[in-house]
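S.K.: Input: one structure, supplied below.
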There are 2 protein chains.
Amino acid sequence: MTAKTDKLYDVTPRTVVSIDAMGGDRGPLPIVLGMAASAKKNPELHFIVHGPKDELDILVGARKVLIDRCEIRHCDDAVSMTDKPSQVVRNGKSTSMWSALECVRNGEAEACVSCGNTGALMALSMIRLRKLPGVNRPAIAVLWPSRSKTGFNVMLDVGADIKADSKDLFQYALMGVSYARNGLEIPLPRVGLLNVGTEDHKGRAELHEAHELISQYEQLGDYKFVGFVEGGDIPGDKTDVIVTDGFTGNVALKTGEGTAKLIGELLRQAFQYSLLSRLAQLLAVSSLQRLRKRIDPRRVNGGVFLGLNGTVVKSHGTADETGVSAAIKLAVTLANSQFSQKLAARVASVNTSAHSVENAASEAE
Amino acid sequence: MTAKTDKLYDVTPRTVVSIDAMGGDRGPLPIVLGMAASAKKNPELHFIVHGPKDELDILVGARKVLIDRCEIRHCDDAVSMTDKPSQVVRNGKSTSMWSALECVRNGEAEACVSCGNTGALMALSMIRLRKLPGVNRPAIAVLWPSRSKTGFNVMLDVGADIKADSKDLFQYALMGVSYARNGLEIPLPRVGLLNVGTEDHKGRAELHEAHELISQYEQLGDYKFVGFVEGGDIPGDKTDVIVTDGFTGNVALKTGEGTAKLIGELLRQAFQYSLLSRLAQLLAVSSLQRLRKRIDPRRVNGGVFLGLNGTVVKSHGTADETGVSAAIKLAVTLANSQFSQKLAARVASVNTSAHSVENAASEAE
């Protein structure tokens, strides 16, 4: 009997998340600690965790909160950070990553979380979960600390694919809107298309075509299109969703993280400079902690794979307990909002409409 | 008699910088204030400033330090931020931007500084100053606060052109190296090629070709190639020069600036939170000022146009006195190091060698 059918007879509501315990840079310990942290906060939460049974038995067994809420599935292998996605697709059946995705595919779990190799996870997800009908390229979306009311903006694609044509960018817009609605509870998300300037004549040809498409389906897609936005708007309050190709998005994401990290280091140095500044740091400790929490990348850890039949959250390879727990929380939020199903419906409705518009146009010719 | 010939008979060494007083978002006042600030620090500095004579007479006349060190050239028009580059090239003869570049073209000034429309400034620079022999696409380079010894990394292109093929990227590497050597005094600059991962198989085809080229000419170009780098390495200490196309570079630059600005705002808010944190701010004021100075974008204000016969520095449109003065300082450093001539020689020597290698290869076939 699977977890899904169990649910019908269970009195308390439960959410099952499938966890790949291997493939992160720090081994399975921070993963299990993150699971325990999430389990403490959310009594509905259950896990199926994938990896070497002996090791996981010890780690999971030592956390009381996980007893009766965590099933261990033994896997002989793990995907490493240097494995090529194509190899993993061909020879990866015995890996914890494959096994973790399989639980979403067969309905045992509502979402999957992995800290492993991004390229391999996306390739496996596409092969095993398959793309939503009408989606050409799935995308990875992240939440970016911003001046917006929710405190976050959605940016996609941050690295599922290095290329995107105008139709892909349009689909990213639809997917990002769905994520902003279900993940951040924004009823009418604003969408911006990333470019090197806000003037209409700037940027590449595919951006102009995408501008046209996103603008055209504003009403049907139930979003507000603010047009072209620039890099400075990614942490701004001009738009809730930033649409870009995976190459640009990946560079922007890592540049933003790198800049925040450098400033954090310089700030620490500044406070170490003199006796007076060390005293100041003591006095400001709670304010600084609030700031740190606000921009801590661990707390918004988790790229969500959009455009697949199922919810997959990719956590940072270096994630610690806090980071893994944040990724699990994100997976649960999306699973509970039935995000995947809603996204599928939205893409289908816009595609149907686009199709009928095209048909009407060709019939009229 | 021009400033250049004057120089021969003058006892004190002098550097003449040509300044476009118009086209910035705040009008000519911060420009003249910046000139005065620079003139105070550097007794060798002379200016030719371009804009409406009546207004400039008053502004310049009110600054004693500029008397006898600043010639005003009247111009009827100014390029606005919304003017299209192609229009400015056709009809811009009466603008202050055109006039300012003309002084570099005819040798009256050693460098030009403008706060105006980037696209128009680049288009005019290409038409009036012309590209260096062997350079296909000029680039805009910026200094990025980093963990490197000098405190800065060079990144290019940040928006001269949205496209770059592998040969362009290779030339950017040569130009960036020359800039790092002359602007930052790094004898053997390290070069990194921006990509979405450091593994060899990642990224677009033109990046793999550029990787090959940059690697091949390491010795002749007198640099150290560190291979692919990621967004997080832009403020890091892994490389001194970051090479990328103008689209990606522009997005990265603005994302970094936007992130730094957001963190600055949040930091100020954090210190306003409680009485204790306000007291802490008072105690830490000098440490925080040091930090602010370190990451203040105004102090590294100025994108340098590389690959032209002459030095052109583009200052931020919103630059204030400090920003304009920083851009002038950069122009003077580059002019005094005879950067343009050195860059031309380096590109020519690599081109000659590449040509003979190609010839040898085709002869051998």
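The values are calculated or read from the model by the stated rules, or taken from the named source; none is laboratory data. Here the structure is a predicted model, which means the values were calculated and not measured. Glycine also receives a Cβ, built like all others from the backbone with ideal geometry; neighbour counts cover every protein chain displayed.
S.K.: (1) surrounded by fewer than 24 Cβ atoms within 10 Å (Cβ to Cβ); (2) more than 10 Å from every other protein chain (Cβ to nearest Cβ); (3) among the acidic types (Asp, Glu): which one isn't true of residue B:240, the others all being true?
M.R.: (1)
S.K.: Before we move on, is residue B:229 more than 25 Å from residue A:229 (Cα to Cα), more than 12 Å from every other protein chain (Cβ to nearest Cβ), under 22 Å from the mean Cα position of the chain (by Cα) and at pLDDT 95 or above? Let's see the steps before the verdict.
M.R.: Working: more than 25 Å from residue A:229 (Cα to Cα): yes; more than 12 Å from every other protein chain (Cβ to nearest Cβ): no; under 22 Å from the mean Cα position of the chain (by Cα): yes; at pLDDT 95 or above: yes.
No: the conditions fail for residue B:229.
Listed here are the residues, each with its yes/no results for (1) of a type in the set (Phe, Trp, Tyr); (2) touching a Leu at 6+ places or on another chain (Cβ under 8 Å); (3) facing another protein chain (nearest Cβ under 8 Å); (4) over 21 Å from residue A:103 (Cα atoms).
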{"site": "A:248", "(1), (2), (3), (4)": "no, yes, yes, yes"}
{"site": "A:267", "(1), (2), (3), (4)": "no, yes, yes, yes"}
{"site": "A:275", "(1), (2), (3), (4)": "no, no, no, yes"}
{"site": "A:285", "(1), (2), (3), (4)": "no, no, no, yes"}
{"site": "A:311", "(1), (2), (3), (4)": "no, yes, no, no"}
{"site": "A:323", "(1), (2), (3), (4)": "no, no, no, yes"}
{"site": "A:326", "(1), (2), (3), (4)": "no, no, no, no"}
{"site": "A:333", "(1), (2), (3), (4)": "no, no, no, no"}
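S.K.: Now for a different question. How many residues are farther than 13 Å from residue A:194 by Cα and in a loop (DSSP other than H, G, I, E, B) if we restrict to region A:147-161?
M.R.: The number of residues fulfilling the criteria is 8.
S.K.: While we're here: Any chance region A:86-94 includes a residue that's within 14 Å of chain B (Cβ to nearest Cβ) and either buried (at least 22 other Cβ atoms within 10 Å of the Cβ) or touching a Pro at 6+ places or on another chain (Cβ under 7 Å) (or both)? Please lay out each step first, then the result.
M.R.: First, the residues of region A:86-94 that are within 14 Å of chain B (Cβ to nearest Cβ): A:86-88.
Among the residues that remain, those that are also either buried (at least 22 other Cβ atoms within 10 Å of the Cβ) or touching a Pro at 6+ places or on another chain (Cβ under 7 Å) (or both) are: A:88.
The answer is yes; a qualifying residue exists.
S.K.: Just a yes or no: is a residue in region B:108-125 farther than 26 Å from residue B:157 by Cα and either of a type outside the set (D, E, K, R) or at pLDDT 95 or above (or both)?
M.R.: Keep residues of region B:108-125 that are farther than 26 Å from residue B:157 by Cα, which gives B:108.
Narrowing the set further to residues that are either of a type outside the set (D, E, K, R) or at pLDDT 95 or above (or both) leaves B:108.
Checked region B:108-125: at least one residue is farther than 26 Å from residue B:157 by Cα and either of a type outside the set (D, E, K, R) or at pLDDT 95 or above (or both).
S.K.: When the residues of region B:182-202 are narrowed to those that are of a type in the set (Asp, Glu) and within 14 Å of chain A (Cβ to nearest Cβ), which ends up surrounded by the most Cβ atoms within 10 Å (Cβ to Cβ)? Spell out how you get there, then give the answer.
M.R.: We begin by selecting, within region B:182-202, every residue of a type in the set (Asp, Glu); these are B:185, B:199-200.
Narrowing further to those that are within 14 Å of chain A (Cβ to nearest Cβ): B:199-200.
Numbers: B:199: 14, B:200: 11.
Per the stated criteria, the residue is B:199.
S.K.: Taking the criterion of being buried (at least 20 other Cβ atoms within 10 Å of the Cβ) and in a strand (DSSP E or B), would at least one residue in region A:162-178 satisfy it?
M.R.: No, there is no match, as no residue in region A:162-178 is buried (at least 20 other Cβ atoms within 10 Å of the Cβ) and in a strand (DSSP E or B).
S.K.: Considering B:237, B:233, which residue is within 30 Å of residue B:345 (Cα to Cα) and in contact with a helix residue (DSSP H, G or I) (Cβ under 8 Å, 6 or more places away or on another chain)?
M.R.: Values: B:237 fails: in contact with a helix residue (DSSP H, G or I) (Cβ under 8 Å, 6 or more places away or on another chain).
Testing whether each residue is within 30 Å of residue B:345 (Cα to Cα) and in contact with a helix residue (DSSP H, G or I) (Cβ under 8 Å, 6 or more places away or on another chain) leaves just B:233.
S.K.: Kindly indicate which of B:81, B:97 is within 19 Å of residue B:26 (Cβ to Cβ) and at pLDDT below 95.
M.R.: Numbers: B:97 fails: at pLDDT below 95.
Exactly one residue qualifies, and that residue is B:81.
S.K.: Let me ask something else. Of the numbered conditions (1) buried (at least 24 other Cβ atoms within 10 Å of the Cβ); (2) over 22 Å from the mean Cα position of the chain (by Cα), residue B:220 satisfies every one except a single condition; which is it?
M.R.: Result: residue B:220 passes all but (1).
S.K.: What's the total number of residues in region B:44-91 that are part of a loop (DSSP other than H, G, I, E, B) and more than 23 Å from the chain's Cα centre (by Cα)?
M.R.: Pass one, region B:44-91, residues part of a loop (DSSP other than H, G, I, E, B): B:44, B:52, B:62-63, B:67-69, B:75-76, B:78-84.
In the following step, the residues that additionally are more than 23 Å from the chain's Cα centre (by Cα) were identified as B:52, B:62-63, B:67-69, B:75-76.
Residues in region B:44-91 being part of a loop (DSSP other than H, G, I, E, B) and more than 23 Å from the chain's Cα centre (by Cα): 8 in total.
S.K.: Tell me, please, whether a residue that is small (Gly, Ala, Ser) and under 24 Å from residue A:195 (Cα atoms) can be found in region B:179-190. I'd like the intermediate steps shown before the answer.
M.R.: So in region B:179-190, the residues small (Gly, Ala, Ser) come out as B:180, B:183.
If we keep only those that are under 24 Å from residue A:195 (Cα atoms) as well, we get none.
No; the residues of region B:179-190 include none that is small (Gly, Ala, Ser) and under 24 Å from residue A:195 (Cα atoms).
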